Amino acid sequence: MKGRAAQLKRTAKEAAACTRCPLYRHATQTVFGEGPVGAAIMMVGEQPGDQEDRAGRPFVGPAGKVLDRALAAAGIDREKVYLTNAVKHFKNEPRGKKRLHKRPNRYETEVCKVWIDKEISLVRPQLILALGVTAAQSLTGRRTIVLSRERGRVLELPDGRRGMVATHPSAILRMPDEAARRAGFSTLVKDLRMAKQLSAS
Ligand code: URA
């Protein structure tokens, strides 16, 4: 375990210098995953947002707050989860003083896959939960993911590991009204509970 933790640290250092795709040019820094080696659950988001880019940590902005609430409701300790993203740099478009989020394309996601593969091989989670479509595409290698069809069930990932797909917390924030956001949030909690159960079995 100690050896794997040290290797993970070295991998994070290598990733900090990553120029495999052009996204590093407009980002503050690489946002590598965080959490313990041996974590039972690995959660994979899309890419860091504005606040994650500045802080250098995944899921610390508004989507992270939703995820934290959902984890607490599902009885999952964030400290015991390995949290990472499909793409390690914040893809954005400057608009005045703001930086608008742009979805990573297939090339960027594929080129960045090398880092998640290393994280998976060192963390060795029992279950990998993709948060949203980009992470699900990256982990399954499939071009089309219909979230409403895939969520809430177990998937076999190409490397034989168990995976699941859940709604991305940002998608919940973008839902049009309070009722939809409430329903989206309870579904996420339900999926996190299932992930917890599966990761322990
Ligand atoms: N959205 C993500 O997908 N990942 C983060 O780290 C933050 C927001």
The one condition in (1) among the acidic types (Asp, Glu); (2) surrounded by fewer than 13 Cβ atoms within 10 Å (Cβ to Cβ); (3) over 16 Å from the mean Cα position of the chain (by Cα) that Glu79 fails to fulfil: (3)
Subset of the stretch 145-201 (residues that are of a type in the set (A, V, I, L, M), touching a strand residue (DSSP E or B) at 6+ places or on another chain (Cβ under 9 Å) and free of Cβ contacts under 8 Å to residues at least 24 places away in the same chain): Ile145, Leu147, Leu155
Tabulated pairs, the stretch 34-50, first closer than 16 Å to Ala15 by Cα, second within 16 Å of the ligand (Cβ to nearest atom) and among the basic types (Lys, Arg), C-beta under 8 angstrom, 6+ apart or interchain: Glu34/Arg57; Gln47/Lys88; Gln47/Lys91; Pro48/Lys88
Verdict on Ala183 being surrounded by 15 or more Cβ atoms within 10 Å (Cβ to Cβ), at pLDDT 95 or above and not aromatic (Phe, Trp, Tyr): no
Breaking point among (1) assigned to a helix (DSSP H, G or I); (2) closer than 17 Å to Ala39 by Cβ; (3) touching a Ser or Thr at 6+ places or on another chain (Cβ under 8 Å), for Asp117: (3)
Test: Thr167 is within 13 Å of the ligand (Cβ to nearest atom), more than 28 Å from Lys13 (Cβ to Cβ) and open to solvent by less than 80 Å² (accessible area, probe 1.4 Å): yes
Matching residues in the stretch 28-40 - criterion: being open to solvent by 10 Å² or more (accessible area, probe 1.4 Å) and either among the β-branched types (Val, Ile, Thr) or touching a Lys or Arg at 6+ places or on another chain (Cβ under 8 Å) (or both): Thr28, Thr30, Phe32, Glu34, Gly35, Pro36, Val37, Gly38, Ala40
Close pairs (9 angstrom Cβ cut-off, 6 or more residues apart or separate chains): part of a strand (DSSP E or B) in the stretch 84-100, surrounded by 10 or more Cβ atoms within 10 Å (Cβ to Cβ) and polar (S, T, N, Q) anywhere: Asn85/Gln47; Asn85/Thr134; Lys98/Asn92; Arg99/Asn92; Leu100/Asn92
Whichever residue in the stretch 121-142 is more than 16 Å from the ligand (Cβ to nearest atom) and open to solvent by less than 10 Å² (accessible area, probe 1.4 Å) and, among such residues, is nearest to Val189 (Cα to Cα): Leu127
Set Ala86, Ala40, Ala72: member being within 11 Å of the ligand (Cβ to nearest atom) and on the phi < 0 side of the Ramachandran plot: Ala86
Which numbered condition Pro48 fails, given (1) surrounded by 22 or more Cβ atoms within 10 Å (Cβ to Cβ); (2) touching an Asp or Glu at 6+ places or on another chain (Cβ under 7 Å): (2)
Sole exception among (1) open to solvent by less than 70 Å² (accessible area, probe 1.4 Å); (2) in contact (Cβ under 8 Å) with a residue 24 or more places away in the chain; (3) part of a helix (DSSP H, G or I); (4) within 16 Å of the ligand (Cβ to nearest atom) for Pro104, by number: (3)
Some residue of the stretch 54-69 being buried (at least 17 other Cβ atoms within 10 Å of the Cβ), touching a strand residue (DSSP E or B) at 6+ places or on another chain (Cβ under 7 Å), at positive phi and at pLDDT 95 or above: yes
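The values are calculated or read from the model by the stated rules, or taken from the named source; none is laboratory data. This structure is a prediction, so every number in the text was calculated from the model and none was measured. Using ideal geometry, Cβ is built from the backbone for each residue, glycine included, and neighbour counts are taken over all protein chains shown. In case anyone asks, the SASA skips ligands and DNA or RNA and just uses the protein heavy atoms, side chains included. Shrake-Rupley method; radii C 1.70, N 1.55, O 1.52, S 1.80 Å.
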